[in-house]
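J.: This is the structure I have questions about; it appears just below.
Bear in mind that the values in this text are calculations on the coordinates, not laboratory data. This one's a predicted model, so the numbers in the text were calculated from it and none came from an experiment. Backbone-built Cβ (ideal geometry, glycine too); neighbour counts: all protein chains shown.
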There are 2 protein chains.
Amino acid sequence: MGSEIEIFRSYIKSKGLRNTREREEIVQEIFSNKGHFDVEGLYMRLKRRGSKVSKASIYRNIPLLIDSGLIREVSYKDGHMHYEHVHGRAHHCHLSCIECGKVVEFVEPSIKEVEKRLESRYGFKIIEHRLDVMGYCKECLKRRLGKVKEDEKTRRNGNG
Amino acid sequence: MGSEIEIFRSYIKSKGLRNTREREEIVQEIFSNKGHFDVEGLYMRLKRRGSKVSKASIYRNIPLLIDSGLIREVSYKDGHMHYEHVHGRAHHCHLSCIECGKVVEFVEPSIKEVEKRLESRYGFKIIEHRLDVMGYCKECLKRRLGKVKEDEKTRRNGNG
DNA sequence: TTTACTGCAAAAGGTTTGCATGGGT
DNA sequence: ACCCATGCAAACCTTTTGCAGTAAA
């Protein structure tokens, strides 16, 4: 918290939008709690706090929060969308090239969903995961494609 | 196709439900196409085919198709749910207990989506992946919880 | 002063449901 | 004959939107 509202403020400013009491209240309320939230719950929390923010404003501001990288949609359950905080730099996974060994680090938030499902399905308490994806990188693909074409040419010349 | 409708028929029978022309048409239409679908699109396809199935019936049968393991929800986009086929037994991943070493095999179709995203983002051609998830199993969790409680008791007795 | 933002309420759009009818078993 | 499944249309619920007023910049 604190840093989130600053991120949001500078996002708003960078977009030439206006910072309002309502926006501050919404961001504040979202990040005053850890974990998922939905519009109805957020609206209730704000109301309880004495805020007069309307649901329409919540709905209108969620796209900004997503675009600013502060939250993301996690799932559509029980007839409505659920959101969660996106924290700083997340755990990353590896994508590596079978041929040249190049490694690309990538962040894959959806694995959290996988973990959640595993927890509820198997009763585990997930501590960590490791996702390694392997394949051919763009360059090696091109090289391989070139080779194939060369082979074909050789074959044609040799046979025809 | 073919096998899917058989799976559905036996599912219906096993549940003591009734097989109807509408159900056959829905399943047939879903599996006559590869890839994702949504209710609106499916409804249109059926209509075009001359079927008189109503949307209500589609909506009422989707839970059965999900329960029978033939389809699954993939995403909620553009204001409505999207579904996809679930094919036979897919590649499986591992969920293992840090404490007792127990291993659960699970199938995680959503990794396919991850792979697709990686391919388009990084230009790789993905060949395989390996997802290992680690945590504490239900039994070990219980045991650990018991230990914590015992420790607390000991502490209380020792201090009070 | 300009015009983006807000609240309200109505509208939109996907999904569910009540009811009477039709059809499997 | 029983009663599950269907079609229709209304209801439901979340989300979006039009409008007039409000308030940032």
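J.: Kindly establish whether A:Ile26 is surrounded by 17 or more Cβ atoms within 10 Å (Cβ to Cβ), closer than 27 Å to B:Lys77 by Cα, more than 8 Å from DNA strand C (Cβ to nearest atom) and of a type outside the set (Lys, Arg).
T.: No, not satisfied.
J.: Which one of the conditions (1) loosely packed, with under 11 Cβ neighbours inside 10 Å; (2) within 14 Å of DNA strand D (Cβ to nearest atom) does B:Gly35 fail to meet, given that it meets all the rest?
T.: Here B:Gly35 meets the rest and fails (2).
J.: I'm checking my understanding of the structure. Among residues of region B:29-73 that are farther than 27 Å from B:Lys116 by Cβ and within 9 Å of DNA strand C (Cβ to nearest atom), which one is farthest from the chain's Cα centre (by Cα)?
T.: Applying the filter and picking the extreme gives B:Ser54.
J.: Going by the structure shown, is B:Arg60 among the basic types (Lys, Arg) and either away from DNA strand D (no atom under 12 Å from the Cβ) or surrounded by 14 or more Cβ atoms within 10 Å (Cβ to Cβ) (or both)?
T.: When the stated conditions are applied, B:Arg60 does not pass them.
J.: Does B:Ile98 meet the test of being in contact (Cβ under 8 Å) with a residue 24 or more places away in the chain, within 15 Å of DNA strand D (Cβ to nearest atom) and more than 27 Å from A:Glu73 (Cα to Cα)?
T.: no
J.: Restricting to region B:32-55, what's the tally of residues that are small (Gly, Ala, Ser), assigned to a helix (DSSP H, G or I) and closer than 26 Å to B:Gly16 by Cβ?
T.: Count: 0.
J.: Among the strands (runs of 3 or more DSSP E) confined wholly to region A:56-139, which include 2 or more residues that are more than 10 Å from chain B (Cβ to nearest Cβ)?
T.: A:71-77, A:80-85, A:103-106
J.: Only residues that are surrounded by 11 or more Cβ atoms within 10 Å (Cβ to Cβ) and farther than 23 Å from A:Ile7 by Cα: list them for region A:63-83, please.
T.: A:Ser75, A:Tyr76, A:Lys77, A:His80, A:Met81, listed by residue number.
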